[in-house]
Amino acid sequence: MKGVVGGSAKRRWRNLVIPVVGLVVLSMLVPLVFLLGLHSGSHSTGDATHQRNSQPEFGNNSKRGGNETGFSMPADLPKQAQPVIDTGPVAKNYTGEHRRSADESDLICEFRFGSYCLWGREHKEKMEDAVVKRMKDLLFVARAYYPSIAKLPSFEKLSHEMKQNIQEFERVLSETTTDKDLPPGNEKKIPEMEAVIAKAKSCPVDCNNVDKKFRQLVDMTEDESNFHMKQSAFLYQLAAQTMPKSLHCLSMRLTVEFFRSSFDTETVLMEKFLNPDLYHYIVFSTNILASSVVINSTVMHAKESEKQVFHLLTDRENYFAMKFWYFRNKYKEASVQVLNIEDIKLFDHHKVAPMHLSLPEEYRVSFHRVDELSFSLSRTEYISMFSHSHYLLPKIFRSLEKVVVLEDDVVVQSDLSALWDIDMGEKVNGAVQLCAVKLSQMKNYFSRNTIYENSCAWTSGLNVIDLSRWRAHNISETFQRLVQEMSREEGTSETTALSASLLTFQGLVYSLDGSWMLAGLGRNYGIDLEAVNSAAMLHFDGNMKPWLELGIPEYRSFWKMFLNQQDSFLNDCNVIQ
């Protein structure tokens with residue numbers, strides 16, 4: 001009987017061996033299969049993300065002077081339009097392809113705040129105050145734990161100790177931001193706070209409450225960071241648009257000297273001002289230094305300076321200072337005429353309208369994805385465009401047939417006489433074109449009833465204008481009509497002049513060779529200095545003008561070399577720095 005019972009037990013044990021071995025094998029295979037599946041799944045996610053990012057669907061935004069202007073764009077850009085950020089015609093590392101190494105947060109910042117972020121990244125200071133940073137981190141943790149500790153009656157002493165440390169840290173950090181300004185004996189406060197936090201972490205607190213407090217503090221910190229970012233961008237924009245004290249001093253001093261002196265040289269030069277056989281340049285400006293650099297750099301590189309005639313259009317406020325400046329300063333054998341646009345009677349005597357000088361306007365046009373939150377595919381282009389005052393040229397200069405319009409933020413580095421030999425055919429405006437922005441991409445921006453063509457946008461800065469064909473095509477009247485139509489349909493906006501100008505000159509723009517002008521020196525830190533040296537003309541478009549402290553240091557020397565460093569007025573007003 002004993003043998004039978006033993007044999008039965010052995011059979012039952014053998015029957016259990018197979019299921020047990022199977023379970024062991026399965027227990028080893030399941031984790032392996034899961035890991036393999038997770039590995040393959042991670043690769044497929046990356047490919048899908050890359051594919052979505054490659055879809056050419058963009059929106060856009062336009063800004064002037066850093067302000068949002070609601071520039072709606074279609075989502076059917078061509079695939080060859082690559083998302084390069086802030087590219088110039090000869091930008092360093094320019095490849096025409098997406099810069100994958102760019103940080104996404106930087107792209108978002110550049111999209112929202114424009115050139116402020118370029119300037120901010122260039123002038124960002126490294127965090128060197130490790131003690132202050134450590135104190136801020138400990139204060140952050142202590143604030144998160146303190147509400148939970150204060151609710152525990154048995155830890156009243158710890159709660160009181162933690163409160164004292166928090167108040168002491170807040171007092172110290174409110175008075176100093178650097179290690180060198182910390183009060184003596186502060187090195188003892190950090191170990192005390194660390195000990196208090198260690199005790200708090202060992203207490204039986206509700207982790208959910210601590211987590212909620214952490215999240216609240218993070219949200220508050222992000223809100224504070226956004227506030228300071230917006231405040232900094234506003235102050236940057238204010239600095240870019242406000243006349244420096246030194247330039248204001250210069251204008252006032254020259255105005256006073258004008259009324260102390262008596263002179264009249266324009267009547268002697270009037271024959272040259274009206275002679276259509278000479279080289280006539282038009283400059284709109286309210287900045288004495290900027291206009292002086294434009295004229296001086298042009299004359300210094302001219303082969304025949306006696307043929308150079310400059311017509312400087314300014315407003316009533318700066319007219320007398322400009323007159324006295326160009327009376328004192330001579331530019332070889334070139335002639336300079338200063339005109340007050342607000343005193344010119346351009347209409348019939350019974351239809352006199354008040355005239356106000358408007359300078360060329362700069363627009364920042366940004367394209368970004370509208371179907372996703374990702375800003376990794378984005379592109380920003382800058383367009384400088386004619387203002388309303390430019391459309392008065394054929395009425396102001398009735399005897400002239402061809403002129404060259406220069407903006408006051410350019411520097412000429414070669415002889416420009418070849419511009420008068422260009423045969424533009426039936427075209428009216430010779431300009432450098434910006435084919436990264438097509439008129440067809442801006443269909444939602446223009447009036448619904450307007451006919452447009454799939455041509456490149458163009459930019460001001462250097463423009464060869466055929467005034468005879470301008471008059472034949474009624475360019476000024478067309479511009480005014482388009483402005484009125486857009487104002488009635490959509491209301492007057494900051495970008496009305498941009499859209500009206502692009503439509504007015506559609507089909508009438510002669511494309512100048514890109515070597516004539518290098519743009520972006522007022523916004524782009526990545527331009528190669530060899531390209532700057534070899535360019536025929538430099539355009540400091542952007543907020544970082546060379547006469548401001550915001551100006552990019554690497555490029556300011558190309559502008560400052562054409563200032564008269566010995567001028568007494570410049571030295572008295574501390575203009576030369």
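The values are calculated or read from the model by the stated rules, or taken from the named source; none is laboratory data. All figures in this text were calculated on a predicted structure; none of them were measured in a lab. Backbone-built Cβ (ideal geometry, glycine too); neighbour counts: all protein chains shown. With ligands, DNA and RNA removed, areas are computed over all heavy atoms of the protein, side chains included. Shrake-Rupley method; radii C 1.70, N 1.55, O 1.52, S 1.80 Å.
Worth a mention:
- Residues being modelled with pLDDT under 90 and acidic (D, E) - total across region 469-519: 4
- Residue tally, condition buried (at least 19 other Cβ atoms within 10 Å of the Cβ) and farther than 20 Å from Y510 by Cα, over region 390-408: 2
- Residue in region 509-529 that is touching a Phe, Trp or Tyr at 6+ places or on another chain (Cβ under 8 Å), closer than 19 Å to V404 by Cα and open to solvent by less than 50 Å² (accessible area, probe 1.4 Å) present: yes
- In region 144-163, the residues that are closer than 14 Å to C207 by Cα, under 50 Å from the mean Cα position of the chain (by Cα) and open to solvent by 20 Å² or more (accessible area, probe 1.4 Å): Y145, Y146, P147
- Unmet requirement for N564, which otherwise passes all of (1) touching a strand residue (DSSP E or B) at 6+ places or on another chain (Cβ under 7 Å); (2) outside any helix (DSSP H, G or I): (1)
- Here region 180-210 is the region considered, the condition is being modelled with pLDDT under 80 and surrounded by 14 or more Cβ atoms within 10 Å (Cβ to Cβ), and the residue that is nearest to K151 (Cα to Cα) is V205.
- Residue match in region 422-437 (condition: modelled with pLDDT under 85, basic (K, R) and either touching a strand residue (DSSP E or B) at 6+ places or on another chain (Cβ under 7 Å) or under 28 Å from V294 (Cβ atoms) (or both)): no
- Taking region 211-242 as the range and being open to solvent by 70 Å² or more (accessible area, probe 1.4 Å), among the hydrophobic types (A, V, I, L, M, F, W, C) and over 30 Å from G522 (Cβ atoms) as the test, only M220 passes.
- Residue tally, condition in contact with a helix residue (DSSP H, G or I) (Cβ under 8 Å, 6 or more places away or on another chain) and part of a helix (DSSP H, G or I), over region 188-218: 15
Residue-wise test of (1) within 45 Å of the chain's Cα centre (by Cα); (2) over 17 Å from F155 (Cα atoms).
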position	(1), (2)
T177	yes, yes
G185	no, yes
M193	yes, no
D219	yes, yes
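Per-residue answers, yes or no, for (1) modelled with pLDDT under 95; (2) among the aromatic types (F, W, Y):
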| position | (1), (2) |
| --- | --- |
| F284 | no, yes |
| S297 | no, no |
| V309 | no, no |
| Y319 | yes, yes |
| K323 | yes, no |
| Y326 | yes, yes |
| K330 | yes, no |
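- Where W559 falls short, out of the listed (1) assigned to a loop (DSSP other than H, G, I, E, B); (2) at negative phi: (1)
- Residues of region 285-343 that are aromatic (F, W, Y) and either part of a loop (DSSP other than H, G, I, E, B) or over 17 Å from S417 (Cβ atoms) (or both): Y319, F320, F324, W325, Y326, F327, Y331.
- Among the residues of region 290-343, the one identified as farther than 20 Å from P360 by Cα, among the aromatic types (F, W, Y) and touching a strand residue (DSSP E or B) at 6+ places or on another chain (Cβ under 7 Å) is Y326.
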